[in-house]
Amino acid sequence: MRIAVKFAYDGRKFHGYARQPQLKTIEGEIIKILVKNGFIEDTTESCFRSASRTDKGVSALGNVVAFNTDAYKERIFQELKNDLANILVYGIKDVEPDFYPRYAKQRTYRYYLKNEDFKLEKALSAVASFAGEYNFSNFARLEEFKDPVRTIDNIIICEQDDFLIIDFYAQTFLWNQVRRIVSAIHKMAIGKLEKEQIIEALHNPNKKVDFGLAPSEPLILKDIVYDFEFDYGKEFLDSLKDFEKNIVTSF
């Protein structure tokens, strides 16, 4: 059978998400526990797949992996909960044999932008520029053979304590897309960039500009949504809130 697992992690405690030889990574730690307990033999045999490979320093409240196994999901859930440090496993689900976690209905990223006497109206105006379908070549690190055209369904911004919290909703994102957009929003909010420059960069992607790259640590993969609900552990919502709070307190 095929099992999907949902989990959160503090990305600052690892050398990135994707497994790397001799380095402690989120994906590597999960695979190590699965193999140690005999839940899988290796990543190839089990068709192990991850929904999102976040960059070094980026945290998550809702990433997903899937793999084939003969073990009971209750035992898998318990062992992963007990054995993983700085990774909070809180959801599990029996899924279809062809389930591939990268094919999600929607992803949400959250960025905690430190408020530096921002002009909120300018930040809101900048945010509004990015919603919709655009060629984001000027707001991403492009990969060969990947279409730079993406659709951002919605962007919501609010003030909380010393932060502007920006939530991005889309089915897919390009590499560094959120961090580059946040950098542009930040520059406009402090008066170092005009909205017309952002619009020009979106509508003329072949004219290369670089508005910078925001730091990775304040970025959180908030959730990944599919057409099914996970089976969640008790009080998982409170656990997630505490997990996020612990990450944010260090910003």
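Here, each number is a calculation from the coordinates, and none is a lab measurement. Everything numeric in this text was worked out from a predicted model, so none of it was measured. Because the Cβ atoms are built from the backbone with ideal geometry, glycine has one as well, and the counts that use them run over all protein chains shown.
Things worth noting here:
- By other beta-carbon atoms within 10 Å, ranking VAL248, VAL178, VAL149 with the fewest at the front produces VAL149, VAL248, VAL178.
- Rounded to 5, the percent of DSSP beta bridges in the chain classed as antiparallel: 95
- Rounded to whole Hz, the Karplus (6.51, -1.76, 1.60) HN-Hα couplings of the stretch 48-55, x for glycine and proline: 5, 9, 10, 6, 8, 9, 6, 6
- Degrees between helix 177-189 axis and first principal axis of the chain (Cα, 0 to 90, nearest 10): 30
- Intensity falloff of the stretch 133-251 expressed as log10 I(q)/I(0), Debye formula with alpha-carbon point scatterers, at q = 0.11, 0.20 Å⁻¹: -0.46, -1.24
- In the chain, taking the dipole from charged Cβ atoms about the Cα centre, the farthest positive-side position among PRO97, PHE48, ILE220 is held by ILE220.
- Axis angle, to the nearest 10 degrees, between helix 73-83 and the longest C-alpha principal axis of the chain: 70 degrees.
- Each Lys and Arg contributes +1 and each Asp and Glu -1, all at the Cβ; summed about the Cα centre of the chain, the dipole is approximately 580 debye.
- Highest-fluctuation residue, TYR109, TYR100, TYR90 considered, GNM on the chain with Cα pairs under 10 Å: TYR100
- The chain - Debye-derived log10 I(q)/I(0), Cα point model, q = 0.10, 0.12, 0.14, 0.16 Å⁻¹: -0.51, -0.72, -0.95, -1.17
- Positive-end extreme of charge dipole, the chain - chosen from LEU124, LEU193, MET1 (charges on Cβ): LEU193
- Peptide packing: for 125-133, 219-227, the average count of neighbouring Cβ atoms within 10 Å per residue gives the ranking 219-227, 125-133, highest mean first.
- Per-peptide packing, taken as the mean over residues of other Cβ atoms within 10 Å, places 134-143, 65-74 in the sequence 134-143, 65-74 from highest down.
- Top of HIS203, HIS15, HIS186 by mean-square fluctuation, Gaussian network on the chain, Cα under 10 Å: HIS203
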